[in-house]
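Nothing in this text is a laboratory measurement; each read-out follows from the coordinates by a stated rule. Since the structure is predicted, the reported quantities are computational estimates derived from the model, not experimental observations. Virtual Cβ from ideal backbone geometry, glycine too; neighbours counted across all protein chains shown.
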Amino acid sequence: MVRTASTMLELGTLAPDFQLPDVVSGETISLATFAGKKALLVMFICQHCPFVIHVREELARLGQDYGDRSVGIVAISANDVANYPDDSPENLKEMAKTQGFTFPVCYDESQEVAKAYTAACTPDFFLFDAAGKLAYRGQLDDSRPGNDKPVNGQDLRGAIDALLADQSIPTEQKPSIGCNIKWKPGNAPAYFG
């Protein structure tokens, strides 16, 4: 379990567009899917990572708590399934159903969307405002596997709540920590350690 930190993409960066299949519905998901929302949360996750397993119930709660509050939520997995078959679209679909995810879970086979977002780890969170500008990137909360801190989504929830209330979000943000994205051989981006 290699601990990898978020790249901490520059705040204000516009959300890169994407068109990816939802592993549950088969529908194509893009930024346009979330048009008119006050906030968009893009999460890079996978099925097998201990860091994601540690927080996946909180991810489901985020979907339940914010899904009808003008917050678009999408999860994306970009891991190389040839070498990490646990993260196949079929297994992602099973995870989404088992956890009761109410948001699309997409598979980024080319890994180009992960690169566009400078995603580095799972989980990695990117929160955009209504104008599509990055307002928060960083950790869900202080909890990590084995540190006995509560999984409550405090940092990310605070940022979402601030956006919904038209309040500013502190720019001092802690990076997410997780397993590195499993890049296909020869496909790791330059920003990746």
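Note on LYS184 and ASN152: the extension gain reaches 8.3 nm, defined as 0.36 nm multiplied by sequence separation minus the Cα-Cα distance.
Close Lys pairs in the chain (alpha-carbon distance under 17 Å; sequence gap of 8 or more, or different chains): 5. Its DSSP H runs of at least 4 residues, each contributing -39,500 (n - 2.57), put the calculated 222 nm mean residue ellipticity of the chain at -7000 deg cm²/dmol, to the nearest 500.
Rounded to whole numbers, the Karplus 3J(HN,Hα) couplings from phi for the range 108-118 are 9, 4, 6, 6, 6, 5, 4, 5, 4, 8, 6 Hz, using 6.51 cos²θ - 1.76 cosθ + 1.60 with θ = phi - 60°, and x at Gly and Pro. Counting Lys and Arg as +1 and Asp and Glu as -1 over every other residue whose Cβ lies under 10 Å from the Cβ of VAL81, the net charge comes to -3.
For the chain, the Cys residues with no second cysteine's beta carbon closer than 4.7 Å are CYS46, CYS106, CYS121. The calculated FRET efficiency for SER168 paired with ASP68, based on their beta-carbon distance and R0 = 25 Å, is about 0.55. Taking a ≥ b ≥ c as the square roots of the Cα gyration tensor eigenvalues, the chain comes out rounded, since a/c falls below 1.5. Working from label points 7 Å from Cα in the Cα-to-Cβ sense, the LYS38 to THR98 distance is 3.5 nm. Approximating the spin labels as points 7 Å out from Cα along Cα→Cβ, the GLU112-to-ALA82 distance works out to 1.8 nm. Could you please state, rounded to a whole Å, how far the C-alpha centre of the range 105-139 is from the C-alpha centre of the range 32-86? Rounded to whole Å, the Cα centres lie 10 Å apart.
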